[in-house]
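A.B. asks: What follows is a single structure, and I will ask about it in a moment.
The values are calculated or read from the model by the stated rules, or taken from the named source; none is laboratory data. A quick note: this is a predicted structure, and the numbers were derived from the prediction, not measured. In this analysis, Cβ positions are derived from the backbone assuming ideal geometry, glycine residues included, and neighbour counts consider all displayed protein chains.
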């Protein structure tokens with residue numbers, strides 16, 4: 001709950017309306033345009049060359065011109081130490097940013113010296129992704145996702161668990177993003193909460209066992225998307241009911257949990273291919289005085305339906 005509170009707090013601090021990256025850039029440079037309040041904007045920059053997570057450049061009193069499918073930002077400070085020409089669309093865009101810390105620190109004493117790394121040295125071709133209503137979608141769109149997947153698993157000998165079990169699963173899940181782009185301990189992304197059903201659990205080694213499961217808690221972190229793929233990490237907690245005890249001499253009802261992650265291919269399309277990995281745990285939660293659970297590596301492939309651009 002501490003993590004969830006921090007996520008929701010961070011969601012109120014800054015809201016990214018667009019994120020841009022240089023394709024195939026060894027330094028992995030990225031610029032995000034963030035709305036701090038109705039009349040306050042900033043650029044947040046990340047790169048491997050920085051010695052800390054990110055650096056931001058306030059743009060007051062700049063005001064971007066936002067229309068359906070595009071953003072145009074043109075701004076220059078009075079002394080010429082801070083200037084930006086930025087044309088943003090979903091896909092190929094251009095950015096021309098110039099900042100001189102030596103000049104601007106006189107007007108803004110707390111300005112981070114690392115802002116000099118943000119310079120593009122002239123117009124630069126970038127790939128951008130717009131967020132929320134700025135991309136031309138309604139604010140209620142682009143927030144939810146359906147996933148259907150199937151996979152196979154093999155158990156491992158870890159703690160009190162036993163190797164040698166093999167099973168297949170099929171899952172159906174739904175999630176909804178609760179934040180726009182935020183940063184937690186320097187990691188940017190969006191937080192989503194979902195639920196997941198497991199209508200098929202079929203163990204075929206060392207014995208035949210069938211079951212169903214449901215997880216009311218699926219916490220998912222959506223990392224900023226790239227043009228061809230996007231990544232996510234997740235944690236889950238729930239329960240499972242089986243035709244026979246798993247493992248033997250325990251209970252037919254088990255608690256379940258997993259952690260893992262995956263990638264979506266072509267994330268800006270409504271329908272995407274999902275490939276995921278999770279480390280899955282089943283156990284009786286010490287209901288019987290011992291907790292000989294099952295720990296497994298699970299590989300999944302499936303389908304995701306979500307609005308474009310997320």
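A.B. asks: How many residues are in contact with a strand residue (DSSP E or B) (Cβ under 9 Å, 6 or more places away or on another chain) and over 30 Å from residue 162 (Cβ atoms) when one looks only at segment 184-209? Spell out the reasoning first.
C.D. replies: Initially, segment 184-209 is screened for residues in contact with a strand residue (DSSP E or B) (Cβ under 9 Å, 6 or more places away or on another chain), giving 184, 186-206, 208-209.
Of the ones still in play, those that are also over 30 Å from residue 162 (Cβ atoms) are 184, 186-194.
So the count comes out to 10.
A.B. asks: I've got another one for you. With the condition kept exactly as written, say whether any residue in segment 112-123 is surrounded by 20 or more Cβ atoms within 10 Å (Cβ to Cβ), touching a helix residue (DSSP H, G or I) at 6+ places or on another chain (Cβ under 8 Å) and not in a helix (DSSP H, G or I).
C.D. replies: No, that holds for no residue.
A.B. asks: Also: Among strands (runs of 3 or more DSSP E) lying entirely in segment 165-241, which contain 3 or more residues that are surrounded by 15 or more Cβ atoms within 10 Å (Cβ to Cβ) and out of contact with any helix residue (DSSP H, G or I) (no Cβ under 7 Å at 6 or more places or on another chain)?
C.D. replies: Answer list for segment 165-241: 166-177, 187-205, 209-222.
A.B. asks: Answer yes or no: is there a residue in segment 285-300 that is closer than 16 Å to residue 226 by Cα and either at pLDDT 90 or above or surrounded by fewer than 19 Cβ atoms within 10 Å (Cβ to Cβ) (or both).
C.D. replies: Scanning segment 285-300 turns up no residue that is closer than 16 Å to residue 226 by Cα and either at pLDDT 90 or above or surrounded by fewer than 19 Cβ atoms within 10 Å (Cβ to Cβ) (or both).
A.B. asks: Check segment 146-162 and report whether any residue there is touching a strand residue (DSSP E or B) at 6+ places or on another chain (Cβ under 6 Å) and closer than 30 Å to residue 28 by Cα.
C.D. replies: Filtering segment 146-162 down to residues touching a strand residue (DSSP E or B) at 6+ places or on another chain (Cβ under 6 Å) leaves 146-156, 158, 161.
Narrowing the set further to residues that are closer than 30 Å to residue 28 by Cα leaves 147.
Yes, segment 146-162 contains at least one residue that is touching a strand residue (DSSP E or B) at 6+ places or on another chain (Cβ under 6 Å) and closer than 30 Å to residue 28 by Cα.
A.B. asks: Could you check segment 265-284 and list, in sequence order, the residues that are modelled with pLDDT under 90, in contact with a strand residue (DSSP E or B) (Cβ under 7 Å, 6 or more places away or on another chain) and either in a strand (DSSP E or B) or surrounded by fewer than 20 Cβ atoms within 10 Å (Cβ to Cβ) (or both)?
C.D. replies: 265, 266, 270, 271, 272, 282, 283
A.B. asks: Please verify whether segment 253-264 includes one or more residues that are surrounded by fewer than 18 Cβ atoms within 10 Å (Cβ to Cβ) and not in a strand (DSSP E or B).
C.D. replies: No: segment 253-264 contains no residue that is surrounded by fewer than 18 Cβ atoms within 10 Å (Cβ to Cβ) and not in a strand (DSSP E or B).
A.B. asks: List every residue pair whose Cβ atoms lie under 7 Å apart, where the two residues are 6 or more positions apart in sequence or sit on different chains, the first residue falls within segment 100-111 and is free of Cβ contacts under 8 Å to residues at least 60 places away in the same chain, and the second residue, located anywhere, is buried (at least 16 other Cβ atoms within 10 Å of the Cβ) and in a loop (DSSP other than H, G, I, E, B).
C.D. replies: Within 7 Å, the pairs are 100/81; 101/111; 103/81; 104/77; 104/81; 104/111; 105/111.
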